[in-house]
Amino acid sequence: MTASRIAIGFVLISSALSWRASVAQETFRSQVVVCQEGEAALAGREVLRRGGNAIDSAIATAFALAVTHPAAGNIGGGGFIVAYLAGSREVVTVDFREMAPKASTETMYLGPDGLPKPGHRKGPRAAGVPGTVRGLGLAHARWGQAPWADLVRPAARLARDGFKVSATLASGLNSQLFARRDDADAVPEDLGPRGDHLADFAASVAAFKKPDGTRWREGDLLIQRDLADTLDRIAANGADEFYTGDTARKTVAHMAKLGGVITLDDLAAYQAKVRPPIRGTFKGFDVYGMGPPASGGILIVQMLNILERFDLKADGPRSPRTLHRVTEAMRRGFYTRATAIADPDFVEVPVDRLISKQYADELAKSIGDKATPSASLAPFPILGAEGAHTTHLSTLDAKGNAVAMTYTLEEGYGSKSVVEGAGYLLNNEMGDFNLVPGRTDATGRIGTPANLIAPRKRMLSSQSPTIALKDGKVRLVTGSPGGRTIPNTTLWVVLNALEFGLSPRDAVDAPRTHHPWFPDVLNMEGQSWDAATREALTSMGHKLKVGGIQGDAHTIVVDPDGTIHGVADRRRRTSRAEGD
Ligand code: DON
């Protein structure tokens, strides 16, 4: 294990141990922003204080995270917004998922052996056409009320003036920049091939290295001048700047230089889309999520529909029978994900059936006292692993508008490639397509047709921004990063809050579980599961993997009396709730 990996491991373990110890403010009277990083939360709160609404606040927070949380915050990626508009009492969603460039083909990442070529996850060729700036622009045009420039300029200032890096960011950047030479004190001049790291790309090193070339330490100032200029242009010219302006031309020049295939035409053609939300009901709450190409909304509603057939509360959240039932709901949800959900502009997704109570009845009836072998649901395993960085933010304003937003570069630092002269990181979201047509295997690779690459198609996502209402008022705003674990993390937060009645802090802190259908393994977060629980689950036929951390669900809970809880999930350490 390299020194940098050990350092990251230490950060994660100490974060897991210390998340309960936090004493930050969590209850608020009127408004709140909860996200992964403090400067971004402050930027979002400032917008609320100046009279902006929850949409404005989410936009400002997202632009700021693109500067202060570069592993996942982004303008070069994509994501989803679920928002509640208190004035019209409606839930709206925006799909700003990345899209395959026009020149994409089903087999574009495969080598002569028919398998993905080494290195296919990095560099501009791994990127889908970014959606974030268009998505934020669309949300602002429809529902924002603050001036656009006021939402982008705080991020530009953070990039130009710099901000103090946290221990977590310092460690992350060091592991990216000193990827091959953990004993080195300086970023090596020779940037030869060395795996998927920022260190692979000269422009990325230029953007993120410390001016004196030494390792980042907590409290150092990170300045990103090219990114500041890009954000200033976006502030002045609107979202079009990214898609048809100077920034677009810089992106395409970068593609030409490093072998990417995104063209000016691809950028100009990119559209964010307002889509119908997925709506379900659970124990008197209305639960709203994101529809395809995100799988989160369908999965969460389907799993809740299944689970409301059982009295989970009587057994409690940690009882073996609850864990078994939740696992079986997850297994069936992820089977649905693998076989039925993809870009709805390309594939017909039978949404109504998948989230119907009747279908849930059928699925619930198939759950017995023993683990269902995953292979018995369908004759093939699915889906490869997803990366470890995405980020979720939640906002709520004094009028009761709320935003759940998840966005991502896919892996941490995405494709690792910063666009030269524009200072922003490109995503590597193309890896969320099924890359090997027709090939499914026990390692979890899948080649089912719905999610194969096609020009201008959006790749399937696990992102799950979720809002629950009761009597037309927001009661829960949540979502998470974590690749395929995302819908299951979100499910646990919803169950903990709405079924088990845990306190908001406990609803977020409680250890989570994840079953992805395949591999047929029940992942149990942390080390707090007692031997009797583990033995009971094993005797039901579940294969267990215990440990690690799961997700990072920055959540808002509103009590019936109106008290607002902004619950920053501490699992990844740097998160904050800021409000009034
Ligand atoms: O959209 C998706 O499902 C993935 N690209 C998300 C990746 C992710 O969450 C990695 N994060 N921790």
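Label positions at Asp369 and Val274, each projected 7 Å from the Cα along the C-beta direction, are separated by 5.3 nm. Applying 0.36 nm per residue to the separation of Ala532 and Arg89 and subtracting their alpha-carbon distance, the gain on full extension is 154.8 nm. Residue ranges 343-352, 224-233 sort as 224-233, 343-352 when ordered by packing (mean number of other C-beta atoms within 10 Å per residue, highest first). Per-residue ellipticity at 222 nm, computed for the chain from helices alone with -39500 (n - 2.57) per DSSP H run of at least four residues, works out to -10000 deg cm²/dmol. Largest accessible area first, the listed residues Asp471, Asp559, Asp212 line up as Asp471, Asp212, Asp559 when surface is computed with a 1.4 Å probe on the assembled protein chains.
The Asn237 and Lys257 beta-carbon pair, evaluated with R₀ = 30 Å, returns a calculated FRET efficiency of approximately 0.80. Toward the positive end of the charge dipole of the range 195-336, with +1 on the Cβ of Lys and Arg and -1 on the Cβ of Asp and Glu, the farthest Cα among Gly259, Leu221, Gly284 is that of Gly284. Of the solvent-accessible surface of the chain, computed with a 1.4 Å probe and all protein chains present, 52% belongs to carbon and sulfur. Taking label positions 7 Å along the Cα-Cβ direction at both Arg49 and Ala103, the computed distance is 4.8 nm, reported to one decimal. Between the C-alpha center of the range 32-101 and that of the range 437-500 there is a gap of 18 Å.
Between the C-alpha center of the range 199-224 and that of the range 123-140 there is a gap of 24 Å. Under 19 Å from a label point set 7 Å out along the Cα-to-Cβ vector of Thr27, the amide N atoms of the range 538-580 belong to 555-569, 577-580. Counting only heavy atoms of the protein chains and using a 1.4 Å probe, Leu221 has close to 90 Å² of accessible surface. Taking amide hydrogens as placed 1.01 Å from N in the peptide plane, the amide H of Gly447 sits under 5 Å from those of Gly438, Arg439, Thr440, each at least 5 positions away in sequence or on another chain.
For trypsin sites (Lys or Arg not before Pro), the sites in the range 516-580 that DSSP calls loop and that have at most 16 other Cβ atoms within 10 Å are Lys543.
Between the beta carbons of Arg353 and Ala314, assuming R0 = 45 Å, the FRET efficiency works out to 0.90 to the nearest 0.05. Solvent-accessible surface of the chain, averaged per residue with a 1.4 angstrom probe and all protein chains in place: 35 square angstrom. Working ranking of peptides 165-174, 312-321, 272-281 by packing, defined as the average number of other Cβ atoms within 10 Å per residue, highest first, is 165-174, 272-281, 312-321. Residues whose amide H lies under 5 Å from that of Thr390, counting only those 5 or more places away or on a different chain, are Gly482; hydrogens are built 1.01 Å from N in the peptide plane. For the peptides 456-466, 325-335, residues were scored by their other Cβ atoms within 10 Å and the scores averaged per peptide; the highest-first order is 456-466, 325-335. Extension gain, Arg225 to Asp561: 0.36 nm times the residue separation minus the Cα-Cα distance gives 116.4 nm. DSSP beta bridges confined to the chain are antiparallel in about 90 percent of cases.
The values are calculated or read from the model by the stated rules, or taken from the named source; none is laboratory data. Note that the structure is predicted; figures quoted are calculated from it, not measured. Note: ideal-geometry Cβ built from the backbone for every residue, glycine included; neighbour counts use all protein chains shown. Accessible surface areas use protein heavy atoms only, side chains included; no ligands, DNA or RNA. Shrake-Rupley method; radii C 1.70, N 1.55, O 1.52, S 1.80 Å.
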